[in-house]
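A.B. asks: First the structure, which I've put down as structure tokens, then a few questions once you've had a look.
Derivation of every value follows stated rules applied to the coordinates shown; laboratory data play no part. Predicted model only: the values in this text are computed from it and were never measured. Here the Cβ positions follow ideal geometry from the backbone for every residue, glycine too, while neighbour counts run over all protein chains shown.
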């Protein structure tokens, strides 16, 4: 794998994870438990889709095969998607939605914070913008984790169940592969060891305040999203998300 | 057939035309800034795009104009519309093919809103961002937000997000009115 391939791969991972989580959150449009929560979820989704577009645009320029950001997003199939398995997991109850968001936000925050200093100017600029939004998201999702964990008996049970359910998908966030190593070596991506330390550090700190327990760092983990091996959920997400541009490829206004 | 009433499409096309009596070459850079200062943010029409701090710079040689614009949020759905409104205002002043350049750096924060812009937000009923965005802590304490209607500090947050990407929802516990807060990032 050349450095150029690793970079393209890395950009698609960032874009796809933002996009799929944004799409998942949008499923709650019109169905959120309260209007304020709906506003919040849609705003977070909007930030993520906007960031995805920035990453897709850069990826499209580097891949340079005639596909633009829209084509990368709407005309690739599940095995070409590089998102984290965590973000394609169903919304579940609100505890699952917020636990998924929290695990992602911690990863997202530290990753963007590191990419802000990437020696690739375009990446640094996109990340400098994204980190402000990620900080805001993390503040909110960690507050929800604490409120539910340290709340009623039922809210505690639900968020603990959500932590237990989703823990198996978190290993992928902090387990580096060839692409991650190549990006770190190139002075672009975060130090994998540091990212792992930061992620566990903050997750455990918030979990402790929320009176929740987390799984083991060496627990068995589902992996594969970053390589295009997904859980059964992704195909359904793409089917809904990509239907319109695939059915009406010439449409310019939807 | 009755006399032709100009449809909205005609107006749209007309706005793309450079007025015959325009003399853009006489415009100074300052005059162009003043022109842009009349373009209002479509989502928060109390402030102009200049007061909001999203027009980052322009270069003008009497013929060719390039304007640097930065989005407030990565996914701000008004980005394209704002760029179009800016281009439209420039064309109306006679400037042909203004080039709108989207820049991401330095990233916009609420610190870019001018003092005048903050005051206009307050008068409009939107509490301006408090203090400096760079001093915000990640998991820090809630900030004190002053009610734009009665000036009370006795307010509470209803939601971290509001009707647009840039706002949060608050409520005043003295005058009991809900209000928007321009969230501090």
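A.B. asks: On C-alpha positions alone, give me the angle between the axis of helix A:94-115 and the longest principal axis of chain A, in degrees, nearest 10.
C.D. replies: Helix A:94-115 sits at roughly 50 degrees to that axis.
A.B. asks: To the nearest Å, what is the center-to-center distance of the stretch B:51-119 and the stretch A:1-72, using C-alpha atoms only?
C.D. replies: Cα centres, the stretch B:51-119 to the stretch A:1-72: 24 Å.
A.B. asks: Which three extents, in angstrom, do the Cα atoms of the stretch A:139-190 have along their principal axes, listed largest first?
C.D. replies: Result, largest extent first: 48, 23, 9 Å.
A.B. asks: Same structure, new question: With the convex hull built on the Cα atoms of the protein assembly as shown, state its orientation-averaged projected area in nm².
C.D. replies: 25.9 nm²
A.B. asks: Report, in degrees rounded to the nearest 10, the 0 to 90 angle that the Cα long axis of helix A:233-247 makes with the longest principal axis of chain A.
C.D. replies: Approximately 40 degrees, to the nearest 10.
A.B. asks: Other chains near A:45-55: what is the mean number of their Cβ atoms within 10 Å of each residue's Cβ?
C.D. replies: Per-residue shielding by partner chains comes out at 4.
A.B. asks: Send over the semi-axes of the stretch A:3-247's equivalent ellipsoid, whole angstrom and largest first, taken as the square roots of 5 times the C-alpha gyration tensor eigenvalues.
C.D. replies: So the equivalent ellipsoid measures 28, 21, 16 Å along its semi-axes.
A.B. asks: Under a crude label model (7 Å from the Cα following the beta-carbon direction), how far is residue A:5 from residue A:80 in nanometres?
C.D. replies: 1.7 nm
A.B. asks: Compute the long axis of helix A:35-63 from its Cα atoms, compare it with the longest principal axis of the Cα atoms of chain A, and write down the angle in degrees, 0 to 90, nearest 10.
C.D. replies: With both axes taken from Cα atoms, the answer is about 30 degrees.
A.B. asks: Okay, next question. Please state the relative contact order of chain A as a whole percent: Cα pairs under 8 Å, 6+ residues apart?
C.D. replies: Computed value for chain A: 25 percent relative contact order.
A.B. asks: Next up: So, R0 is 30 Å and r is the distance between the beta-carbons of residue A:29 and residue A:150; what FRET efficiency does that work out to, to 0.05?
C.D. replies: Computed FRET efficiency for residue A:29 and residue A:150 comes out at 0.55.
A.B. asks: Could I ask something else about it? Looking at the stretch A:20-160 from every direction and averaging, what is the projected area of its Cα convex hull in nm²?
C.D. replies: Computing the convex hull of the Cα atoms and averaging its projections yields 9.1 nm².
A.B. asks: With each run of n ≥ 4 DSSP H residues scored as -39500 (n - 2.57), what mean residue ellipticity at 222 nm is computed for chain A after dividing by its residue count and rounding to the nearest 500 deg cm²/dmol?
C.D. replies: Theoretical 222 nm ellipticity from helices: -22500 deg cm²/dmol.
A.B. asks: Same structure again: Residue A:119 versus residue A:186, label points 7 Å from Cα toward the beta carbon: distance in nm?
C.D. replies: 1.2 nm
A.B. asks: Something else now. Describe numerically, in nm with one decimal, the distance between label points set 7 Å from Cα along Cα→Cβ at residue B:173 and at residue A:197.
C.D. replies: 4.2 nm
A.B. asks: Moving on to the next point. How high is the FRET efficiency between residue B:80 and residue A:251 when r is their beta carbon distance and R₀ equals 25 Å, given to the nearest 0.05?
C.D. replies: 0.90
A.B. asks: Same structure again: First measure r as the distance between the Cβ atoms of residue A:143 and residue A:204, then evaluate 1/(1 + (r/R0)^6) with R0 = 22 Å and state the FRET efficiency to the nearest 0.05.
C.D. replies: 0.85
A.B. asks: While we're on this one: Neighbouring Cβ atoms within 10 Å as the yardstick, rank A:10, B:181 fewest first.
C.D. replies: Taking fewest neighbouring Cβ atoms as first place, the list is A:10, B:181.
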